[in-house]
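Below is one structure, written out as structure tokens; the observations come after it.
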Amino acid sequence: DAGVIQSPRHEVTEMGQEVTLRCKPISGHDYLFWYRQTMMRGLELLIYFNNNVPIDDSGMPEDRFSAKMPNASFSTLKIQPSEPRDSAVYFCASRRQGRTYGYTFGSGTRLTVV
Amino acid sequence: SQQGEEDPQALSIQEGENATMNCSYKTSINNLQWYRQNSGRGLVHLILIRSNEREKHSGRLRVTLDTSKKSSSLLITASRAADTASYFCATDGQAGGTSYGKLTFGQGTILTVHP
């Protein structure tokens, strides 16, 4: 299995532009999570899905952030418009149904908004 | 605020020594997990311990859990230079709680193992 695949690995964009981050979870995993990592705030859960349905989006910072999971093999996290404070590493993770499984993380997307 | 808080924030040891990292948390949990992150990479799941377990082993890793003190420790024995990384504890909340079904991470311990 190729693991959780995220794209792009790096993204540099100008303030105000739209940014779309992509994630392909592991086949057969029922849960998908989006996390953001910064030095100041550590790892923060933004949103998670179960069987493609958003369950908890309480961590999404504001309306500029949106996430979708149109099918079991693909999810996007969109920021529109982007701001410099959105600069961070964004991770996608997936896991199987059941509470005894750990998460498998992707390699992350390093976003820089200038 | 973070659910898990690791201690120490940074740890520097020589190869062959043991490394112990501690984690404290605030609310009731279903399980506690430890992850490793190499610089510039994603997190890798190391070990999961359920709330009804007290100790668990995996290779050179030993994890303990004390639910009465809301704390856990990760011991890496006979450390190697390749163990250099950040280590995070993460809690999976108990059913009925606000953190149920999702992992909340601590700030991590940066471990440096000198050859």
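How high is the relative contact order of chain B? Use alpha-carbon pairs under 8 Å, at least six apart in sequence, and give a whole percent.
Relative contact order comes out at 38 percent.
Can you give the local net charge around A:Q80? Use residues other than it whose beta-carbon is closer than 14 angstrom to its beta-carbon, Lys and Arg +1, Asp and Glu -1.
In short, -4.
Quick check: net charge around B:R80, other residues with Cβ under 15 Å of its Cβ, Lys/Arg +1 and Asp/Glu -1?
Residues close to B:R80 contribute a combined charge of -1.
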| query | What residues have an amide H closer than 5 Å to that of B:I47, excluding those fewer than 5 places away on the same chain, when H is modeled at 1.01 Å from N in the peptide plane? | reply | B:W34
| message | With +1 assigned to the C-beta of every Lys and Arg and -1 to the C-beta of every Asp and Glu, and no other charges, what is the dipole magnitude of chain B about the Cα centre in debye, to the nearest 20? | response | 260
| request: Determine, for B:V44, A:V4, the number of other Cβ atoms within 10 Å of each Cβ, and report the residues in order from fewest to most. | output: B:V44, A:V4
| Alpha carbon centre of the range B:9-85 versus the range A:1-44: separation in Å? | 25
| field | Taking N as its residue count, the alpha carbon Rg of the protein assembly as shown over 2.2 N^0.38 Å | value | 1.01
| Nearest-20 debye value, the protein assembly as shown charge dipole, Cβ charges on Lys, Arg, Asp, Glu | 460
| said: Defining a contact as two alpha carbons under 8 Å apart and six or more residues distant in sequence, what relative contact order in percent does chain A show? | reply: 37
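Readers should treat all values here as calculations from the given coordinates under stated rules, not as data from a laboratory. Model, not experiment: these values are computed from the prediction. When we count neighbours, we look across all protein chains shown, and the Cβ atoms used for this are built from the backbone with ideal geometry, even at glycine.
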